[in-house]
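The values are calculated or read from the model by the stated rules, or taken from the named source; none is laboratory data. Only a predicted model underlies this, so the values are computations on that prediction, with no experimental measurement involved. Here Cβ is always computed from backbone atoms with ideal geometry, including for glycine, and neighbour counts include all displayed protein chains.
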Amino acid sequence: MDTPGPQTEALLSVYRTAFKHSLQSFCLLEKIDNPVGTATDFRFLLTTSAFEQQLGIHQPEGKTIRQLVPPVEPQLFEHYERVALTGQPTHFEHYVAALDCWMAVSVFRVKQEAPYWIGALFDNITQRKKAENQQAYLLTLSDALRPLADAEQIQRAALHCLGQHLQVDRVLYAEVEPDEAHFVISANYVQPPFPQMIGCFQLSDFGKTPDSQRLGQTLVLADIHQVDESDEHLRSYLAAGVVSIIGIPLRKGGRWVASLTVHHGQPRQWTAQEVALVEETAERTWAALERARAEQALREEDRRKDEFMAMLGHELRNPLAVVTNTLLLLELTQGADSSLSYDKAVRLMSRETRHLKRMVDDLLDVGRIRQGKIKLERKRIDLGELVGQTVEGAQPLYQESNRQLLAHLPFEPLYVEGDTTRLAQVVMNLLTNGAKYTLEGGHVWVSLEAQGPNALLRVKDDGIGIPEEEQAAIFEVFVQGNTSLDRPQGGLGLGLAVVKQLVQGHGGSVAVYSAGPGQGSEFRIELPLTRVSAPPAQRPAQTLSGSSRGRVLVVDDNKDLADMTARLVEMNGYEVHVRYGGPEGLEAAESLRPEVILLDIGMPTLDGYAVSRRIRSQPWGDHITIVAITGFGQEADMQRSRAAGFDEHLLKPVDYSLLLEVLARSIPGGHTA
């Protein structure tokens, strides 16, 4: 073989230099022929600088792998030897434990006869493997959290996944109290013998280190000994076994609500990937907890609704049964049964009808208030006078049930801006509630006083009381203290929900206080007082004369209801005419020219809206007061009736005292036939 000349040597030197400084990590290896029974080894013939830097090997040429990297895994030599002997190239991924890194390795044979040479290309894939590992962890975490519905189980699962993945001594999820001075830990992941950390703790016990989390900043400490803290605070950490920390604060709604914290008993340099992983775990844990709590709230709401619907059927059927049985008995006996006089039958049915009406009103009011569809007609009213009138109206209920209702009201007026009807409803609901939940012979006390800028109304009883755990939810919809079938009093449990929503609509507040079962209860309502000014002058009542107070036309396709309405109006001195359909009503309106038309809306052929619009389109229809008498009571229905030309909108069953007020207002001077 010819010896290379100077020019060739110079060219080879250039190639070696270029090869040596290549950015590709590469080595050329020679298989050593060892005696049978001895371990396989390879000698480095040539390496690039990138190879030496990546693997931390200095000037390896001439040395063997076993000399430079003693703890090499057997699988690596198996790959190399197979390529050297067969000439079949291979590619594999290999973890280098001594360097804590992953390499993608491509191996191929360079020299075809012994001693065999092989080339190996290396690519550091540590970041990719870590990303894959992190993604696999997050998938595992999601799979672990997805089926869980219990908050503590969610915390335990998340902490276990993170602790196992990071191989740390402890992971905990701390919920921060609203005062941001205490935190509560209910679940830990610990690696024995590391101590558990469960309970309520003061943040001040841990010095200044929680301050960054309070501001929403992640806390990363490699060694607690290097923190500028007092010895006392340092001992708090060390007593808990903490040397290195990752603390991830969770701020929601402008408040620090929780932290996910990783503790290790030895100093540890946390990587950016590890910190990011803990942050992601904290967010996912929070999201899972919020989902579980929302689902629990929905389940509780569904449970309450189911109980409410069962109770609704029970409560509606009771008064219906009384009315039905009373009517049946009257029909069978022709009113001749001495045990059921006419007066008693009327009294029974009136009472049960009023009870039904209150329940239906509560149902409708709750729906309308929650949707913001009740408009409060505010004016200045004397709250003391309103409470006094309502107490007087509730006295028969108390006398009938053998209970005492006592009131202590101020002599001086207490003025508030409010809706008279709705505030009276609030007071009556509380008084009705007091009668229900006070035992026979019991007492309910009502008091009213000024307290600072507010009027304070108290309704106190010596009744059955309210358990502490039920007081927070007593004003919620579908909540009633006792929903069992043998509960002592009926009702839908909506009255207090209506009270709360109406009081809040007036800018006030309502609260309940009870020492517990058998200790009675007290409801307190505060409403803002208004500045005192001269009361508005009352318009003097007008005296009516003549044989008729005015002409009224009743139009309704329900013949029985139309006739009954007409008779009740007629008994109050009005001339009344009845029609049972839209076309007939329109014809009568033109021929009779009544002052007031009581008009049903839901009629076949020609509905009330169409009748009203046609009347308003006539010159003679401008001065007629048209009153809707209907079962459609949503705000949209009222808007539609106004648009069709109706002046008033009354709901069935009609409150006849209110109807008479409308008639008196519409025909103030009366009418002479």
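Here Gln164 meets each of (1) surrounded by 13 or more Cβ atoms within 10 Å (Cβ to Cβ); (2) under 30 Å from Ile57 (Cβ atoms); (3) not hydrophobic (A, V, I, L, M, F, W, C) with one exception, condition (2). Is it fair to say Ser106 is loosely packed, with under 14 Cβ neighbours inside 10 Å and of a type in the set (Ser, Thr, Tyr)? Criteria not met by Ser106. Beta carbons closer than 6 Å, at least 6 apart along the sequence or on distinct chains, pair a first residue in the range 88-107 that is within 17 Å of Gly56 (Cα to Cα) with a second that is of a type in the set (Ser, Thr, Tyr) for Cys101/Thr126; Trp102/Tyr95; Trp102/Thr126.
In the range 439-455, the residues that are more than 15 Å from Gly508 (Cα to Cα) and touching a residue at least 24 places away in the same chain (Cβ under 8 Å) reach residues that are among the small types (Gly, Ala, Ser) and assigned to a strand (DSSP E or B) with C-beta atoms within less than 7 angstrom, at least six apart or across chains, in these pairs: Val446/Ala407. Report yes if some residue within the range 258-269 is within 18 Å of Gly163 (Cβ to Cβ), assigned to a helix (DSSP H, G or I) and assigned by TED's automatic domain parsing to the domain that holds Gly216; otherwise report no. No, there is no match, as no residue in the range 258-269 is within 18 Å of Gly163 (Cβ to Cβ), assigned to a helix (DSSP H, G or I) and assigned by TED's automatic domain parsing to the domain that holds Gly216.
Among residues that are surrounded by 15 or more Cβ atoms within 10 Å (Cβ to Cβ) and at pLDDT 75 or above, Leu330 is included. The condition of being surrounded by fewer than 21 Cβ atoms within 10 Å (Cβ to Cβ), under 35 Å from the mean Cα position of the chain (by Cα), more than 15 Å from Ile381 (Cα to Cα) and β-branched (Val, Ile, Thr) holds for only one of Thr420, Thr432, that being Thr432.
May I ask you to verify whether Lys130 is at pLDDT below 90 and among the basic types (Lys, Arg)? Step through it out loud before you land on a result.
On the way: at pLDDT below 90: yes; among the basic types (Lys, Arg): yes.
Here the answer is yes, as Lys130 does meet what is asked.
Filter the range 342-358 down to the residues that are of a type in the set (Ser, Thr, Tyr) and either within 18 Å of Gly393 (Cα to Cα) or not in a helix (DSSP H, G or I) (or both) and list them by number.
Residues of the range 342-358 of a type in the set (Ser, Thr, Tyr): 342, 350, 353.
Residues satisfying the conditions are Ser350, Thr353.
For the structure I just gave you, tell me whether Glu417 is in a loop (DSSP other than H, G, I, E, B) and either at negative phi or not aromatic (Phe, Trp, Tyr) (or both).
Values: in a loop (DSSP other than H, G, I, E, B): no; either at negative phi or not aromatic (Phe, Trp, Tyr) (or both): yes.
For Glu417, the condition - in a loop (DSSP other than H, G, I, E, B) and either at negative phi or not aromatic (Phe, Trp, Tyr) (or both) - is not met.
Checked across the range 576-584, the condition of being outside the structural domain of Lys375 (by TED's automatic domain parsing), basic (Lys, Arg) and buried (at least 18 other Cβ atoms within 10 Å of the Cβ) holds for at least one residue.
Only one entry in Leu592, Leu599, Leu586 is touching a residue at least 40 places away in the same chain (Cβ under 8 Å), on the phi < 0 side of the Ramachandran plot and touching a Lys or Arg at 6+ places or on another chain (Cβ under 8 Å), namely Leu592.
With respect to being surrounded by fewer than 21 Cβ atoms within 10 Å (Cβ to Cβ), on the phi > 0 side of the Ramachandran plot and in the same structural domain as Tyr580 (by TED's automatic domain parsing), Thr625 falls outside the description.
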